[in-house]
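Okay, so here's the structure we're looking at.
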Amino acid sequence: MDAQKRIKQLMEERGWTDYRLAKEANLSHSTITNVFKRNNAPTLPTLEAVCEAFGITLAQFFSVGEEGGSLTEEQQALFAKWSTLTDEQKKILLDLMNTM
């Protein structure tokens, strides 16, 4: 799997820039740009931070197109929206879902 392509795909799905990803992942902007401009494979800690920012697990990151691990379009849309919420909004939504 090409990690850079997968990260770009997830960014495009969310309409994120390199800067937005760096901010959401709590990484420096240079860390993100180096992954793309220098064609560096991201380190495991960087990839974990990126996945957390996207609201997905490492397994979900690597399971694209594989049976059993891939998300439906509806689930992908939900994760994309989840990633744009503030921590407070996420808490409110989880509290709401727990009452259902």
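Overview of results
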item: First in segment 22-35 and over 13 Å from Ala49 (Cβ atoms) and touching a residue at least 12 places away in the same chain (Cβ under 8 Å), second anywhere and part of a helix (DSSP H, G or I) and of a type outside the set (Val, Ile, Thr), Cβ under 7 Å, 6 or more apart; result: Thr33/Asp18
item: Residues within segment 31-42 that are outside any helix (DSSP H, G or I) and under 15 Å from the mean Cα position of the chain (by Cα), tallied; result: 1
item: Test: residue in segment 10-30 that is more than 14 Å from the chain's Cα centre (by Cα), in a helix (DSSP H, G or I) and of a type in the set (Ser, Thr, Tyr); result: yes
item: Candidate set: segment 39-57, residues that are among the hydrophobic types (A, V, I, L, M, F, W, C) and under 19 Å from Trp16 (Cα atoms); chosen: the one surrounded by the most Cβ atoms within 10 Å (Cβ to Cβ); result: Val50
item: Some residue of segment 16-30 being more than 19 Å from Ala80 (Cα to Cα), among the polar types (S, T, N, Q) and surrounded by 15 or more Cβ atoms within 10 Å (Cβ to Cβ); result: no
item: Every pair of residues 6+ apart whose Cβ atoms lie under 6 Å, when the first sits in segment 83-98 and is closer than 20 Å to Trp16 by Cβ while the second is at pLDDT below 90 and not acidic (Asp, Glu); result: Ser83/Gly55
item: Answer residue from segment 50-82, given it is small (Gly, Ala, Ser) and farther than 23 Å from His29 by Cβ and is modelled with the lowest pLDDT among those; result: Gly68
item: Condition met for Thr46 (part of a helix (DSSP H, G or I), over 18 Å from Lys90 (Cβ atoms) and under 13 Å from the mean Cα position of the chain (by Cα)); result: yes
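The values are calculated or read from the model by the stated rules, or taken from the named source; none is laboratory data. Keep in mind it's a predicted model, so treat the numbers as computed, not measured. Using ideal geometry, Cβ is built from the backbone for each residue, glycine included, and neighbour counts are taken over all protein chains shown.
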